[in-house]
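My questions all concern the structure below.
What follows is calculated from the coordinates using simple rules that are stated; it is not laboratory data. Computed from a prediction, not measured in an experiment: that's the story for all the values here. Reconstructed Cβ throughout: ideal geometry from the backbone, glycine too, with neighbour counts over all protein chains shown.
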């Protein structure tokens, strides 16, 4: 089994008085796709956003416990949020390109982190678009607005934008749920290619997708981790009857 990239220990998260995540203990392996599944409101997106401290922006949020990425406590005092967000990229449910050119969408992050050399930026843009399987479709139109792309292309652009700052971890929050089946398939194929280079954690409401693309699956219910195991185990031989009920479609 791959070594651990993310280690979550005794994690509790509260929104004001609401206990959203309850004593989560979880290891997420390096260079693997880990899928979070469970019914709506079960805590899977909340946990995903804990991994790059996006919940910090919600007032009244209180977090107890530890989240370590590659051995570093991301809630410790010594880690600037900009450094964390460079290491942990995120792709959201709705494609959200900047209202800039395709080129400037990709170059934005590297420029923010101090890269100004045009040749270097050109290389980063090309490499990121190749990695996101978009280069051949847009290479002749880099100065066009990103808003002119289709929804599926915009989502792959957002993946390329996340990859441009060379993260270690890529978070995907239902990244295909707003897309058509063909675009969804392209993103799934892309995820399979990227997993050799990145640790990918994806929230999905689509159990078939989790079964197709992930190596490890985590089932959540009411803010708790019910079961975490290799994906084929979760779907073919779950240990907890609640997991079995969910993956067999008896509830959720």
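Determine, at each q value in 0.18, 0.19, 0.22 (inverse angstroms), the log₁₀ of I(q)/I(0) that the Debye formula gives when each Cα of region 51-98 is one equal point scatterer.
Here the Debye-derived log intensity ratios amount to -0.66, -0.72, -0.91.
Report, for the chain, the % of DSSP beta bridges that are antiparallel, rounded to 5.
On the way: 25 of 42 bridges.
Of the beta bridges lying entirely in the chain, close to 60 percent run antiparallel.
Extension gain residue 250-residue 233, at 0.36 nm per residue separation less the Cα-Cα distance, in nm?
Extending this stretch completely gives an extra 4.3 nm.
Enter the angle in degrees (range 0 to 90, nearest 10) between the Cα long axis of helix 151-163 and the first principal axis of the Cα atoms of the chain, meaning the one along which they spread out most.
With rounding to tens, the tilt is 90 degrees.
Any idea how far the Cα center of region 221-252 sits from the one of region 25-99, in Å?
That distance is 22 Å.
Let me ask something else. So, by mean Cβ neighbours within 10 angstrom, what's the order for 132-138, 192-198 with the highest one leading?
Working: 132-138: 18.3, 192-198: 15.0.
Peptide ranking by packing, descending: 132-138, 192-198.
I would also like to ask the following. With a Cα-only, solvent-free Debye model of region 145-220, what are the log10 I(q)/I(0) values at q = 0.11, 0.18, 0.20 Å⁻¹?
-0.27, -0.73, -0.90
Roughly what angle does helix 181-194 make with the longest principal axis of the chain, taking Cα atoms, 0 to 90 degrees, to the nearest 10?
Tilt relative to the chain: about 90 degrees.
Let me check against my output: what whole-number percent is the relative contact order of the chain, with C-alpha pairs under 8 Å and at least 6 apart?
About 28 percent, as a whole number.
Want the number for residue 27 to residue 9: 0.36 nm per residue separation, take away the alpha-carbon distance, what's left?
Contour length minus the Cα-Cα distance gives 5.6 nm.
As I understand it, the value is the acute angle between the Cα axis of helix 118-131 and the longest principal axis of the Cα atoms of the chain; what does it come to in degrees, rounded to 10?
The answer is roughly 50 degrees.
Using mean Cβ contacts within 10 Å as the protection proxy, how do 39-46, 163-170 order, highest first?
Sorting 39-46, 163-170 by mean packing, highest first, produces 163-170, 39-46.
Starting from the eigenvalues of the Cα gyration tensor, five times each then square-rooted, give me the equivalent ellipsoid semi-axes of region 90-137, largest first, whole Å.
Working through the eigenvalues yields semi-axes of 18, 14, 9 Å.
What is the Cα coordinate range of region 1-125 on the first, second and third principal axes, sorted by size from largest, in whole angstrom?
48, 33, 30
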